[in-house]
Amino acid sequence: MDKNTLIGITLCIAIFIGFSLWNRPSEEQLAMQKRYRDSIAQVQQRNAEAEYLQSRMRDSLDKAAANIAAGEGDSLQVARYTAQFGKFAQAATGTSQDIVISNNKMTVTIATKGAMIKSVQLKDFKTNSGDSLFVMKRDPQNEISLDFFAGNNAISTKNLFFTHSGDTKSQDNAVLRAYVDNDSWLEFAYGLEEDSYILDYTITFHNLENVISRNSSFIDLNWNQSLPVLERGNSWEYNNSGIYYKYDGDDVDDLGLTADHADDNLAGSTKWIAFKGQFFSSVLISKSTFPNAQVEIQKSSSRENLKYASSRIALPTTATTDSMAFYFGPNKFKILKEIELTEGDELDLEDLVPLGWTIIGWVNRFLIIPLFNWLGSFIPSYGLIILLMTLIVKLVLLPLTYKSYKSTASMRVLKPQVEELNKKYPKQEDAMKKQQAMMELYNKAGVSPMGGCLPMLLQMPVLIALFRFFPASIELRQQGFLWSDDLSAFDSILDLPFAIPFYGDHVSLFALLMAGAMLLQTFISGQMDSGQQMPGMKLMMYMMPVMMLCWFNDYSSGLTYYYFLSNIIAILQIVLIRNNIDEAAILAKLNAKVAKNSTKKKSGFLARLEEAQKRQMKMLEEQRKQQGGGKKKK
């Protein structure tokens with residue numbers, strides 16, 4: 001082995017060792033990986049326990065049904081209940097009653113059978129049809145229950161009858177108990193605060209240490225709920241409904257909103273789980289964390305519901321009290337942002353309002369929402385608020401718009417000189433020379449071919465932010481303006497007896513006006529074109545309004561109204577700017593710059609760029625000569 005080979009092998013080994021050390025996970029990363037593996041193991045163990053528990057429950061229920069069908073006597077039936085429910089046998093029979101608790105925001109109905117929430121009505125809101133709005137309505141599929149083992153008995157609280165000592169109506173709290181004996185019980189406590197959408201939810205295991213089996217790692221909290229149809233335009237509401245969740249100390253995520261079915265294992269400490277609708281949500285929040293959970297969403301077969309959401313949440317068997325809270329209320333940014341169950345909580349519930357990520361979300365949070373709320377504090381009409389917002393946004397962006405139009409005008413007045421260069425270098429092999437000459441012309445004139453694009457790009461975050469803001473604003477819900485009776489949904493001036501592919505079964509006037517304004521703006525902007533558009537680009541620009549008409553026909557009329565106003569104002573800006581731009585003066589100024597910069601020494605960057613181009617051109621000429629010489633020899 002020679003010296004060079006030895007050095008090479010040594011370097012390779014050193015690089016490999018260094019790379020391994022560099023990429024070695026930190027102690028925090030190792031701890032996180034361990035927690036994740038432990039969570040996965042817990043989920044797998046809990047799944048096995050849950051399957052066994054559910055199997056035992058099914059067997060018990062089948063036996064009870066068979067006994068009832070056989071008409072067995074009361075004493076034998078008591079024995080059967082004891083065999084089925086063990087120490088909870090006395091809670092296995094009874095009559096279900098409804099307990100109603102309320103505050104000034106909502107009314108919650110709780111059934112004594114299962115101590116389950118049956119319905120939640122929000123007092124300040126109505127459905128699209130004008131009926132009372134239930135964010136959670138009576139539905140056989142809705143369920144909130146605990147599954148656990150008591151000795152050898154598989155218990156589900158949905159089958160137990162709880163006792164309630166207070167009145168059945170006009171309360172702000174309810175305490176329901178399933179007794180084992182006078183000193184031992186399972187308690188579900190619900191409590192409402194005035195002027196709040198928060199429902200406190202506490203589960204207490206009182207003196208049940210010797211009743212509930214401790215050989216299981218978790219008790220399962222099953223929360224299943226249908227997401228009802230509440231708005232006009234089910235397709236838009238459907239695509240904005242689903243399951244959201246937040247890991248402790250992490251960002252908010254969702255299970256996928258547009259899929260007909262999705263499920264996931266939340267293997268980690270979860271702070272909350274939300275069944276989100278377009279404008280209203282049901283959120284279960286832990287005052288600590290949930291060790292892990294399983295969530296699933298699927299399309300509902302019922303016309304009254306959009307989707308069916310379910311979750312199986314792990315509660316540790318070591319705890320005697322589990323403190324949680326439900327949020328049943330509107331997806332309103334200000335309300336959600338202020339929710340804090342314990343001091344210092346970072347719940348990030350405001351992320352249920354889809355304002356966009358990163359810079360788009362920042363624009364909405366720190367610019368659009370404050371402006372919208374400020375205007376709403378003294379203007380009662382949301383149609384006028386949108387008009388003023390559009391004017392303000394256009395005024396703020398006017399310097400960028402003016403710079404873009406001025407750059408376009410500069411390119412247009414240089415068009416004759418660009419065409420001269422095209423005539424001077426017509427051959428394909430002279431493309432490099434033509435490009436070099438154009439760059440030299442633009443540099444001397446102080447004009448950038450991208451000068452008109454950059455100001456437009458800087459406006460895009462604001463335009464996209466507004467695109468996300470209007471459909472997500474519950475403030476526009478059921479707010480009428482002109483012919484639209486709901487700015488949060490599409491406006492229909494004609495319902496069609498059939499559906500047109502890619503368009504729909506109705507005609508939105510605001511969408512039509514928006515498309516017409518876009519078409520007019522495209523035509524006027526085309527008159528200011530510098531002539532540098534790619535082939536086919538003009539056709540695409542004229543096709544865009546038609547595509548937008550089909551796309552936005554189902555969108556919020558508040559959004560299409562905004563785009564209509566934005567295009568009309570843009571047309572006025574184009575006309576005003578064009579009338580105030582003296583193209584002859586611009587050309588004279590550019591020619592003066594060209595004359596001045598012709599004697600000026602080129603910048604280092606441009607000189608290096610031209611030198612590189614010359615070398616490339618020289619290499620191409622040499623290659624052509626060599627290819628020509630080779631052909632002659634043949």
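Note on segment 261-420: with charges restricted to the Cβ of Lys and Arg (+1) and Asp and Glu (-1), its dipole about the Cα centre is near 740 debye. Using the alpha-carbon positions of segment 273-376, Rg (one decimal) and Dmax (whole number) come out as 16.5, 52 Å.
A full extension of the chain between LEU388 and MET543 corresponds to an added length of 52.8 nm, given 0.36 nm per residue minus the alpha carbon distance.
Length gained on full extension, LEU395 to ASP131, computed as 0.36 nm times the residue gap minus the Cα-Cα distance: 90.9 nm. To the nearest 10, the accessible area of TYR247 is 60 Å² with a 1.4 Å probe.
Of ARG177, ARG477, which has the most accessible area and how do the rest follow, probe 1.4 Å?
Largest accessible area first, the list is ARG177, ARG477.
Note on segment 236-323: Kirkwood hydrodynamic radius from all Cα pairs is 13.6 Å, rounded to one decimal.
Sort 549-562, 273-286, 102-115 by packing, meaning the average of other beta carbons within 10 Å per residue, with the highest value first.
Peptide ranking by packing, descending: 273-286, 549-562, 102-115.
Just the number, please: carbon plus sulfur as a percent of the accessible area of segment 462-504, 1.4 Å probe, no ligands or DNA/RNA counted.
Summing carbon and sulfur atoms, their accessible area is 66 percent of the total for segment 462-504.
Shape class of segment 191-337 from the Cα gyration tensor (axes a ≥ b ≥ c, square roots of the eigenvalues): prolate, since a/c reaches 1.5 or more and a/b is larger than b/c.
Largest accessible area first, the residues LYS307, LYS287, LYS337, LYS394 order themselves as LYS337, LYS287, LYS394, LYS307 under a 1.4 Å probe with ligands, DNA and RNA left out. Here the accessible area is traced with a 1.4 Å probe on the protein chains. For segment 200-281, carbon and sulfur cover 38 percent of it. Measuring only protein heavy atoms, the 1.4 Å probe finds ASP485 accessible over about 90 Å². Ligands, DNA and RNA excluded, the heavy atoms of LEU482 present near 120 Å² of accessible surface to a 1.4 Å solvent probe.
Would you work out what percent of the accessible area of segment 285-358, with all protein chains in place, is carbon or sulfur (probe 1.4 Å)?
Of the solvent-accessible surface of segment 285-358, carbon and sulfur hold 42 percent.
Residue order by solvent-accessible surface for GLU296, GLU194, GLU187 is GLU194, GLU296, GLU187, largest first, with ligands and nucleic acids left out and a 1.4 Å probe.
The slack between ALA499 and GLU193, meaning 0.36 nm per residue of separation minus the straight C-alpha distance, is 105.4 nm.
The values are calculated or read from the model by the stated rules, or taken from the named source; none is laboratory data. Note that the structure is predicted; figures quoted are calculated from it, not measured. Counting neighbours? That spans all protein chains shown, and the Cβs are built from the backbone with ideal geometry, glycine included. Just so you know, the surface numbers come from the protein's heavy atoms only, side chains and all, with ligands and any DNA or RNA stripped out. Shrake-Rupley method; radii C 1.70, N 1.55, O 1.52, S 1.80 Å.
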